[in-house]
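Taken together, the values in this text are just the output of simple stated rules run on the coordinates, not laboratory data. As the structure is a prediction and not an experimental result, all values here were calculated from the model. FYI the Cβ positions are ideal-geometry reconstructions off the backbone, even for glycines, and counts take in every protein chain you see.
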Amino acid sequence: MQIFNKEPNFDFLKLRKFAIVLSSLLIIASITAFFTKGLNYGLDFTGGTMVEVGYEQDADLSKIRQQLADIEINGAVVQNFGSSKVVQIRMPQQDHIENVNVSDEVLKALRSDGSEVVKRDQSYVGPVIGEELKEQGGLAMLVALICIMIYVALRFEWKFSIGSVAALAHDVIIVIGFFSITEVEFDLTVLAALLAVIGYSLNDTIVVYDRIRENFLKMRKGNSEEVVNTSLNQTLARTLMTSITTLLVLLALFFFGGQTIHSFAEALIVGVLIGTYSSVYVASTVALALGVKKEDLMPPEVKKEGEEFDMP
Amino acid sequence: MIFDQQPQRQLPLNTYPKWKYVMIVLVLAIAFLYAAPNLFGEDPAVQLSGLRDTKISEQQVAEIEAAWQAKGLTPIAVEAQTEQKVVARFAKNEQQLQAQEIANKILNPSQDAQDYVVALNLAPATPDWLADLGGKPMKLGLDLRGGIHFLMQVDMEQAVKKQQEQLRRDFIDTLTSEKPSIRGRVESVENGLHVTFRSQEDAERAYTALFQRYSDRVQLELKETNNRPYVAAIFNQTKLQEIRDNAVSQNRLILSNRVNSLGVAEPLIQRHGADRIVVQLPGVQDSALAKRVLGATATLEFRMVNVEADPVAAQNGRVPPGSKLLDSDRGPLVVFDKVEVSGEHLTDAFPGFHPQTNSPIVSVRLDGEGGARMLETTTKNRGKPMAMILKESVPVFEIKDGKRTLVKSSIVETVISSPNINGQFSTDFFIEGPDFTPANTKDLATQLRSGALIAPTFIVEERTIGATLGAENIEKGIKSVIIGFSLVLIFMLVYYKLFGLVANVALTLNLVLIIAVMSLMGATLTLPGIAGIVLTVGMAVDANVLIFERIREELRDGTKPAQAIDKGYGQALSTIADANITTMIAAIILFAIGTGPVKGFAITLFIGILTSMFTAIVVSRGIINLMYGGKSVEKLSI
């Protein structure tokens, strides 16, 4: 089986203008959402207490809310988690109870009416930790981008380097925008997923660049646009194949991996889709816009000694 | 020509030299061997361990085994791992609980003090021959086996404050001992002191005197404000680092002692960054209890030994009023209840050597108030022995049906040293002992410091994962690996036919390699780690896809099959390397900056990339070569 029986010949670059508009719109929407709505940060970032409990029958959420109000817990978010018998309660930092003990107090309150309540999971994160994590996360992202930029500049050329980092920034911004718009919880695993998206999308971009470089050296005729377009076509089957296999396992994680890695899988699915698109349109378009051309990639000419005496 | 050069033997296209096959087979054999322990699983076990320095004798073990036999509980194996630790493995979970209860009754007969911990554990059921080769299964993280995770913050401000007090006293001592003595006003500032003087001349003399003595610890500067000269003394980086390191390592030690008493089989107590400590208690579910035990305090007391009382008589119950019988390194000792100096006045204790005799000693420093009391005590009691007592609150548990309930907290007092007072001393003095060695003076100093509690700790993060959630996580994790993996295998087979099958073999071997490397490294498997493995599976195919697409391209261009294989592998190589190196950069950064779950993900991703390069390039080529090498092939099944 093959996706393409013969080498595909799409004119990718014809759609370049459309792609620029699409990407710009997505980025503007993402940034706007991020600054107006912000992210639904998980406990890892906000600090506070989370308790996950299991009931024997379907849990009565309004009763739980009342029980929490009775012990003066402020700002609690009570919701079902994966099943109607499992309830997750999230609470911000409390002022009047020792925060480390909040979870024990909550359990006591939930059991006060004699219901069988099993504690499944419980976390407390101090306010300092959350702040640190945001800083560290941002820093990690920045360091990763810079290291990658240096590596690509060394292996390829600075125009490619800027193109790849532009594609990565594009992907990260849009995935963050997705989390902002859909209000899916942004926790530590999503941060890890974002970094994995960087790795994945870069993988894709490098494969395309590698082919562009090869074709610049191999193809005698054709301008930069044609070379890039041919390279995109030649790598298209591979780009799609790898995206499909990766998406297959991510879907398995998304549907069967359980609640804990649900948002992780979600972030990666969005990231892989965006990353595939960006390696075709963003990375090469930026490199082209910067005027990448054959001479940039030619190995520096070394005058060989005794060249003129070569046999005819 | 006589010495004609032998033409280099050229291997035919698509064949590997023999050594390459040998290497592949060897690597894979080792991988299977070290991945194998994960198949055998773990047996329920009971772990007996002595607290503090208590050893477990063979008689005790024999007695427990006999008691088990009497109840029809026969362990699969009983192994003494150290002098203080014995592990007994059982076939069934119910046996484990019963056995724990019985063993606890024998080892801890009294309700007052518990010298042993009887904990439930899981012991790997790896066959002996495999274990002898160093084979062990992967450790499961807290999110998979359930347990409690604490992140404790050490209060560094307090640690620095204590040192500041010490420095203030040292400065005053130095300035008053100058001739003529210098008078100045000492103020505390951040990380140091300011000493203000009346005249420039005083300030300069003070600066010289202080510089001579303390320039190793503090950065000194002569300054002026409102026409008042002052000396600014700020702890230098080395000293601050030392204060922090001491505070953390001391707290780590205290926490380990307390965790041991909790009866956790494999606790993890690790420094985390500059000023934090991670405590992981696998299998523990009662977080309220854990918090109470971790939050308990140890204190140090200096008390006089009651030399008039007879320890032997005291052992028979005749303890004089106002005294108490305690165990010490020299046997039973009767000690007065009155506290001469308490540990809060101790600012530092460190091991060293006597300046004249060069024998090992422990130097002790007290603050001003403690020094004054010590002077009073030593003046009155010269020549008599003084006991240094570490008072710890130790929880006493009752074990029933595998549940551990706190009966009470009992105070355990241990005499850590009881030297004779051979002079008058106040703030700085040292302790000598006939059996002191450099090793035990170090321990003693740490024990003294731990009683002083230089810096308190508090919990900044807590996570409890219930046992049910842990089991659910394992189940779901494995399920998603199997489903994702199968989908990829089917897809590859349909899409690339025979070549797809080869890629699938490579992919499966990759999974075995990842598990083998993780088991060998002693890495911990967490749920994000499983996600990392799943993701690697998806991405590891990429290398083969790149190669196969290249081969197809070559075939389309009319290249002969054999050449197409060779060119496909050759040309894809640099692309694969570039793509993987960049992903590895991301994995390394994740590992360096991330914590807990992120780290777990990064480790598996990193290992997965490395192993996938081996399987996707070297191994898959090996198989293809075996199939197509050296033959004339008309058509490839790709």
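So for the stretch B:150-229, averaging the separation of alpha carbon pairs under 8 Å that are six or more residues apart and normalising by length, what relative contact order in percent results?
24 percent
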(Q) Tell me the net charge near B:Arg244. Cut-off is 12 Å between Cβ atoms, B:Arg244 excluded, with +1 for each Lys or Arg and -1 for each Asp or Glu. (A) -2
Q) Among the lysines, which have Cα under 24 Å from the Cα of B:Lys162 when same-chain residues fewer than 8 positions away are ignored? A) B:Lys239, B:Lys391, B:Lys442
Q. How about A:Lys293: which lysines have a C-alpha closer than 24 Å to its C-alpha, ignoring those fewer than 8 places off in the same chain?
A. A:Lys14, A:Lys17, A:Lys159, A:Lys218, A:Lys221, A:Lys303
(Q) Give me the base-10 log of I(q)/I(0) for the protein assembly as shown at each q in 0.05 Å⁻¹, Debye formula, one uniform scatterer per Cα, rounded to two decimals. (A) -0.43
Q | chain B - convex hull of the alpha-carbon atoms, volume per residue in Å³ | A | 282 Å³
Q. Kirkwood-based Rg over Rh for chain A (C-alpha set), two decimals?
A. 1.14
Q.
Could you check the spin-label model distance between B:Lys567 and B:Lys161? Points 7 Å from the Cα along Cα→Cβ, value in nm.
A. 7.7 nm
Q) By counting other Cβ atoms within 10 Å of each Cβ, how are B:His354, B:His272 ranked from fewest to most? A) B:His354, B:His272
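Normalised by the number of residues in chain B, what is the relative contact order in percent for Cα pairs under 8 Å and 6+ residues apart?
With pairs under 8 Å counted, the relative contact order is 16 percent.
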Q | Amide H contacts under 5 Å for B:Asp43, placed H, 5+ residues apart | A | B:Ala123, B:Ala125
Q: Any chance you could check the Cα centroid distance between the stretch B:18-57 and the stretch B:488-536 for me, in angstrom?
A: 21 Å
Q | Surrounding net charge for B:Ser632, when Lys and Arg each add one and Asp and Glu each subtract one, Cβ distance under 15 Å | A | +1
Q: Quick one: divide the alpha-carbon radius of gyration of the stretch B:37-137 by 2.2 N^0.38 Å and tell me what you get.
A: 1.09
**Q.** Using θ = phi - 60° and Karplus 6.51 cos²θ - 1.76 cosθ + 1.60, couplings along the stretch A:107-119 (whole Hz; Gly, Pro as x)
**A.** 4, 4, 5, 5, 8, 4, 8, x, 6, 7, 10, 9, 7
Q. Calculated FRET efficiency, B:Ile30 and B:Ile490, Cβ-Cβ r, R0 30 Å, to nearest 0.05?
A. 0.50
Q: Could you list, in their original order, any pairs among A:Lys85/B:Lys479; A:Lys6/A:Lys294; B:Lys71/B:Lys136; B:Lys497/B:Lys560; A:Lys6/B:Lys476 whose Cα atoms are separated by more than 30 Å?
A: B:Lys71/B:Lys136; A:Lys6/B:Lys476
